[in-house]
Amino acid sequence: MLTLRRLAVIPTLRCTLRCRLCCNSVPLYVDPPFLPEREVASDIHAAFSLVDRIEWIQLVGGEIFLYPKLAYLIDAIREHRAQFDRLILMTNGTLLPPPGVLDALVALGPDCEVQISDYGPLSRRVRELEMLLAAHGIPSQTKVFYGDMQHYGGWVDNTSYDDRHWSNEQIEDIFGNCWQIKMRNYHMYQGKLHACIRSLFGLDLGKIPVPPEEYVDVRDLSQSREEKRAALARLADRPLTACRYCGGFDTLRAERFPAAEQLP
Ligand code: SF4
Ligand code: SF4
């Protein structure tokens with residue numbers, strides 16, 4: 001059995017906010033596209049064909065409610081209903097869902113959840129969104145990221161892609177204490193599936209020389225299903241090239257900063 005605990009699929013990096021500490025490197029992208037919905041759906045189908053189960057399949061951005069064809073992706077995920085436990089949408093509370101999304105979530109039933117990050121005055125639509133979801137019987141959860149009671153105590157600053165020149169022992173230490181790895185959070189953008197978000201964006205932005213064996217390209221026709229499954233099963237087993245370019249995601253020791261501070 002090959003089970004992914006979490007898989008975050010990213011159909012766009014466009015966002016309504018520009019957070020200084022964005023862990024998806026959104027401020028580093030200039031005018032990122034909406035990936036074509038058929039392409040993203042095809043990547044989703046390919047991911048489900050590789051694994052036996054995905055506990056939580058997540059649609060994230062950027063701001064996911066900017067993506068105009070979101071309902072199409074939810075319907076595509078619903079085709080794999082027997083293979084996942086829950087669908088999660090993550091939003092920053094600045095927008096209401098685009099057309100068709102509420103109906104698509106209702107069609108999915110109770111095993112979905114909209115997770116709303118509440119950044120205070122920035123997240124202008126939170127209450128309205130909560131009421132809209134409740135009126136349709138769609139589960140939601142709001143996490144507060146402002147004031148003195150910030151979820152997780154605030155954010156970690158892991159924005160730099162500089163080579164830290166860590167020793168092998170230091171790399172083993174940051175990898176061994178990495179929240180991304182402990183939580184088994186996988187991410188997919190443009191068909192490339194990584195065990196670490198920094199590996200994904202470090203490669204995509206041309207900042208980290210991530211070798212092909214450290215991710216799985218679900219679109220790669222030169223590899224068999226079995227080869228991709230074997231690669232996927234090993235992705236989070238050992239330190240990644242990206243760890244050399246990372247301050248670590250150590251939830252116990254890392255300094256915390258206020259969430260969602262905006263860049264100009
Ligand atoms: S809301 Fe902020 S943290 Fe979230 S994706 Fe947008 S810029 Fe990044
Ligand atoms: S680069 Fe390494 S230490 Fe940093 S978040 Fe990824 S797996 Fe964790």
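The values are calculated or read from the model by the stated rules, or taken from the named source; none is laboratory data. As the structure is a prediction and not an experimental result, all values here were calculated from the model. Here the Cβ positions follow ideal geometry from the backbone for every residue, glycine too, while neighbour counts run over all protein chains shown. Each accessible area value is taken on the protein alone, full model and side chains, heavy atoms only, with ligands, DNA and RNA left out. Shrake-Rupley method; radii C 1.70, N 1.55, O 1.52, S 1.80 Å.
Of the residues making up segment 205-237, those that are surrounded by fewer than 18 Cβ atoms within 10 Å (Cβ to Cβ) and either hydroxyl-bearing (Ser, Thr, Tyr) or outside any helix (DSSP H, G or I) (or both) are Leu205, Gly206, Pro209, Pro211, Arg219, Asp220, Leu221, Ser222, Gln223, Ser224, Asp237.
Which of the residues that make up segment 248-264 are of a type outside the set (Phe, Trp, Tyr) and open to solvent by 40 Å² or more (accessible area, probe 1.4 Å)? Selection gives Thr251, Leu252, Arg253, Glu255, Arg256, Pro258, Glu261, Gln262, Leu263, Pro264. Going by the conditions given, is Arg14 open to solvent by 10 Å² or more (accessible area, probe 1.4 Å), farther than 23 Å from Ser117 by Cα and touching a helix residue (DSSP H, G or I) at 6+ places or on another chain (Cβ under 7 Å)? Against the criterion (open to solvent by 10 Å² or more (accessible area, probe 1.4 Å), farther than 23 Å from Ser117 by Cα and touching a helix residue (DSSP H, G or I) at 6+ places or on another chain (Cβ under 7 Å)), Arg14 does not qualify. None of Leu200, Leu193 is within 16 Å of ligand 1 (Cβ to nearest atom) and in contact with a Leu (Cβ under 9 Å, 6 or more places away or on another chain) except Leu200. The set of residues in segment 59-92 that are within 17 Å of the chain's Cα centre (by Cα) and either under 18 Å from Gly191 (Cα atoms) or at pLDDT below 95 (or both) comprises Leu59, Val60, Gly61, Gly62, Ile64, Tyr67, Leu70, Leu73, Ile74, Ile77. Got at least one residue in segment 179-202 being charged (D, E, K, R) and open to solvent by less than 20 Å² (accessible area, probe 1.4 Å)? Yes, because at least one residue in segment 179-202 is charged (D, E, K, R) and open to solvent by less than 20 Å² (accessible area, probe 1.4 Å). The residues of segment 3-43 that are in a loop (DSSP other than H, G, I, E, B) and in contact with an Asp or Glu (Cβ under 8 Å, 6 or more places away or on another chain), listed by number, are Pro11, Arg14, Cys15, Thr16, Leu17, Arg20, Leu21.
Among the residues of segment 12-26, is there at least one that is within 16 Å of ligand 2 (Cβ to nearest atom) and of a type in the set (A, V, I, L, M)?
Yes: segment 12-26 contains one or more residues that are within 16 Å of ligand 2 (Cβ to nearest atom) and of a type in the set (A, V, I, L, M).
A residue that is modelled with pLDDT of 95 or more and farther than 26 Å from Ala233 by Cβ occurs nowhere in segment 48-58. Listed here are the strands (runs of 3 or more DSSP E) enclosed by segment 69-160 that have at least 3 residues being out of contact with any Ser or Thr (no Cβ under 6 Å at 6 or more places or on another chain) and open to solvent by 20 Å² or more (accessible area, probe 1.4 Å): 84-91, 140-144. Being under 27 Å from Ala259 (Cβ atoms) and near ligand 1 (Cβ under 10 Å from one of its atoms), is that true of even one residue in segment 82-89? Within segment 82-89, not a single residue is under 27 Å from Ala259 (Cβ atoms) and near ligand 1 (Cβ under 10 Å from one of its atoms). Only one of the listed residues (Ile171, Ile77, Ile181) is among the aliphatic types (A, V, I, L, M) and either touching a strand residue (DSSP E or B) at 6+ places or on another chain (Cβ under 8 Å) or without any contact (Cβ under 8 Å) to a residue 12 or more places away in the chain (or both). That residue is Ile77. Among the conditions (1) surrounded by fewer than 19 Cβ atoms within 10 Å (Cβ to Cβ); (2) more than 18 Å from the chain's Cα centre (by Cα), the only one that Glu39 does not satisfy is (2). Among the residues of segment 158-187, which ones are of a type in the set (A, V, I, L, M, F, W, C) and either within 16 Å of ligand 1 (Cβ to nearest atom) or over 13 Å from the mean Cα position of the chain (by Cα) (or both)? Passing the criteria: Trp166, Ile171, Ile174, Phe175, Cys178, Trp179, Ile181.
Kindly indicate the residue of segment 166-175 that is assigned to a helix (DSSP H, G or I) and more than 9 Å from ligand 2 (Cβ to nearest atom) and also surrounded by the most Cβ atoms within 10 Å (Cβ to Cβ) among those meeting that condition. So the residue we want is Asp173.
A Cβ distance below 9 Å, combined with a sequence gap of six or more or placement on separate chains, defines the contacts here; from segment 241-258, residues that are in a loop (DSSP other than H, G, I, E, B) reach residues that are open to solvent by less than 40 Å² (accessible area, probe 1.4 Å) and charged (D, E, K, R) in the pairs Cys246/Arg198; Phe249/Arg198.
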